[in-house]
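The values are calculated or read from the model by the stated rules, or taken from the named source; none is laboratory data. As the structure is a computational prediction, the values presented were derived from the model and not from experiment. Cβ coordinates were reconstructed from backbone atoms using ideal geometry, including for glycine residues, and neighbour counts include every protein chain displayed.
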Amino acid sequence: MTLSTHTVLVEAHAGGDLLAAANSWSAIVASAAARADRIELDLRRTADGGFVLLRGERLADGRLVAELGRRELEQVRVGDEPLALLSDKRYGDPSVFQPAALLRHARRQRQLPDGDVPPVCLLDPDGDIVRHLRRTGRARALPSWACYHTELDLFELGGREIGVVGGAVGASFAVLIAEQLAASGCELLVSITSAGRIGPPRAAGFLLIDRALRDEGTSHHYLPPGADAALSADLADSLADAFQGLSSPVETGTSWTTDAPFRETRHAIDTHARAGVACVEMEAAALYAYAQARGRRVVCIAHLTNEMGEGAIDFEKGVADGADDALAVLERVADRIDLR
C-alpha cells in the first residue's frame, strides 16, 4: 500500500459553522484560534457599496441584501450576534492627518525644542515600570517630547538609552503613541502590559505574543478584516530562545485583544480557552496591525498577572510591581533585535 505524501489542509466552511453561527465574527475568530489553514466565507454586496458575510442572497425574512444598506443590516442578528459587515475601506490610501503634523503643532504651541526619541522605546500601559524608574532615580523627562497626551522618560538599560511612555492603555491609545514615536525616531517599540490568564493554570511570568485575536477596533483601520494580527516572522526568529535563564519564565503564545475588559464573559473566555488562547489584553492586535501596515518593528509582551479578578488575591506582580522582571525581558528583546 502506498501512502499519499500530499499535505492535508483544514478549511473552515462558512467561517467555521461547526464552531459558531455561519459567517459570523465568532466563527472566524474561533477558526483562526483553532489554526484552520483556510477560512471560506460567503460575501454579498450591499446597496451602499459595502459587503456583508452571508450565505444566501436574501435574509431570513426574504429581503434582498443587495437592496439594503448598512443601517438596515446592522439591525439583523445571526444567532446572538450582528451580521459581519465589511466597509469599503481603502487600506492603501495615505492618511490626511499625519503624526508629524500633530507633533509639529504641539511643539509650536508649547514652545518645545526639536529632538528625537531613542531608537528603542517601551510602552508601559500599566505605568508600573515608569513609576519604579522614577522612584529609584533612574528616569529623566525628555523635554522635546511633544505628544499632547503623555510624557516620555529616558533611562539606561544594558548600556543603551531607552524611552518609556506610561499609561497608554488600550488599542487606540497605544497606536496613537506608536505612530508619534515612529515619527520621532523610534525604530523598535516594545509593549509590556499586564494580562489575564485564560485556560489551564499556568505559572506567573510573561508571554511573548506571537498572534493576537482582533477583537478591538483599531486594527481594522490598518488591515483588511481578519481574525488576528501577528508578530513579524523576522522578529520571531530573532527572539527564539532569547529569554532563557531569566528568573521569571517567558513563554510564547496567542492573546485575545479586547476593547472592553468588563465584557469578558464566561462564554467568550471558555471559547478562547478551548482554542488555546493564553491570555487577554488590550493592545497587541492593534499594535501588530499597525506594525504590518506601516512596516514597523513592534514586539508585544504580556505580563500574566491575574485571573480577571476571580482569585482571592489577584493582580499581583511581585517585587517592585514586577518592574525589574519586565526590564530584564525588555533588555533581552533589545539585545536580540538588530536595528541596522
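Which count do you get for residues in the range 227-251 that are within 13 Å of the chain's Cα centre (by Cα) and either exposed (fewer than 11 other Cβ atoms within 10 Å of the Cβ) or closer than 12 Å to Ala285 by Cβ (or both)?
Matching residues across the range 227-251 total 5.
Condition check ((1) under 22 Å from Arg332 (Cα atoms); (2) at pLDDT below 95; (3) of a type in the set (A, V, I, L, M, F, W, C)) across all residues:
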site: Asp237; (1), (2), (3): yes, no, no
site: Thr258; (1), (2), (3): no, no, no
site: Val280; (1), (2), (3): no, no, yes
site: Tyr288; (1), (2), (3): yes, no, no
site: Ala293; (1), (2), (3): no, no, yes
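Test Ala212 against the criterion of being of a type in the set (A, V, I, L, M), surrounded by fewer than 23 Cβ atoms within 10 Å (Cβ to Cβ) and either within 29 Å of Phe262 (Cα to Cα) or in contact with a Pro (Cβ under 6 Å, 6 or more places away or on another chain) (or both), and give yes or no.
No.
Tell me, which helices (runs of 4 or more DSSP H) wholly within the range 44-160 include 2 or more residues that are within 30 Å of Val29 (Cα to Cα) and under 29 Å from the mean Cα position of the chain (by Cα)? Give the derivation first.
On the way: elements: 70-73, 99-110, 128-135.
Where helices (runs of 4 or more DSSP H) fall fully within the range 44-160 and carry at least 2 residues being within 30 Å of Val29 (Cα to Cα) and under 29 Å from the mean Cα position of the chain (by Cα), they are 70-73.
Looking for whichever is touching a Leu at 6+ places or on another chain (Cβ under 8 Å), farther than 21 Å from Val333 by Cβ, surrounded by fewer than 21 Cβ atoms within 10 Å (Cβ to Cβ) and of a type in the set (S, T, N, Q) here; the options are Ser144, Ser172. Which one fits?
Among Ser144, Ser172, only Ser144 is touching a Leu at 6+ places or on another chain (Cβ under 8 Å), farther than 21 Å from Val333 by Cβ, surrounded by fewer than 21 Cβ atoms within 10 Å (Cβ to Cβ) and of a type in the set (S, T, N, Q).
Working carefully through the options Arg266, Arg197, find the one that is in contact (Cβ under 8 Å) with a residue 24 or more places away in the chain and of a type in the set (Lys, Arg).
Arg197
List every residue pair whose Cβ atoms sit under 6 Å apart, with the two residues 6 or more apart in sequence or on different chains, where the first one lies in the range 128-150 and is within 14 Å of Leu112 (Cβ to Cβ) and the second, anywhere, is among the acidic types (Asp, Glu) and outside any loop (DSSP other than H, G, I, E, B).
Qualifying pairs under 6 Å: Ala141/Asp153.
Output the strands (runs of 3 or more DSSP E) that fall wholly within the range 250-340 and possess 2 or more residues being of a type in the set (Ser, Thr, Tyr) and either out of contact with any Phe, Trp or Tyr (no Cβ under 7 Å at 6 or more places or on another chain) or farther than 19 Å from Val164 by Cβ (or both), or say none.
Correct list: 250-258.
Among the numbered conditions (1) surrounded by 16 or more Cβ atoms within 10 Å (Cβ to Cβ); (2) under 18 Å from Pro119 (Cβ atoms), tell me where Gly159 comes up short.
Here Gly159 meets the rest and fails (1).
Each row is one residue, and each column tells you yes or no for (1) in contact with a Cys (Cβ under 9 Å, 6 or more places away or on another chain); (2) surrounded by 12 or more Cβ atoms within 10 Å (Cβ to Cβ); (3) not charged (D, E, K, R).
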{"residue": "Arg58", "(1), (2), (3)": "no, yes, no"}
{"residue": "Asp61", "(1), (2), (3)": "no, no, no"}
{"residue": "Gly69", "(1), (2), (3)": "no, yes, yes"}
{"residue": "Gly79", "(1), (2), (3)": "no, no, yes"}
{"residue": "Ala84", "(1), (2), (3)": "no, yes, yes"}
{"residue": "Gly92", "(1), (2), (3)": "no, no, yes"}
{"residue": "Pro118", "(1), (2), (3)": "yes, yes, yes"}
{"residue": "Gly127", "(1), (2), (3)": "no, yes, yes"}
{"residue": "Leu133", "(1), (2), (3)": "no, yes, yes"}
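Tell me the residue from Gly185, Gly226 that is over 27 Å from Gln244 (Cα atoms), part of a loop (DSSP other than H, G, I, E, B), of a type in the set (Gly, Ala, Ser) and modelled with pLDDT of 95 or more, please.
After applying the criteria, what remains is Gly185.
I'm trying to understand the selection: among the residues of the range 2-45, which are hydroxyl-bearing (Ser, Thr, Tyr) and either loosely packed, with under 15 Cβ neighbours inside 10 Å or at pLDDT below 85 (or both)?
Scanning the range 2-45 gives Thr2, Ser4, Thr5, Thr7, Ser24, Ser26.
Within the range 172-194, can you find the residues that are of a type in the set (Val, Ile, Thr) and free of Cβ contacts under 8 Å to residues at least 40 places away in the same chain?
Once the filter is applied, which keeps residues that are of a type in the set (Val, Ile, Thr) and free of Cβ contacts under 8 Å to residues at least 40 places away in the same chain, the range 172-194 yields nothing.
Condition first: farther than 25 Å from Asp215 by Cβ and not acidic (Asp, Glu). Can you find one or more residues in the range 23-36 that meet it?
Looking for residues that are farther than 25 Å from Asp215 by Cβ and not acidic (Asp, Glu), one finds none in the range 23-36, hence no.
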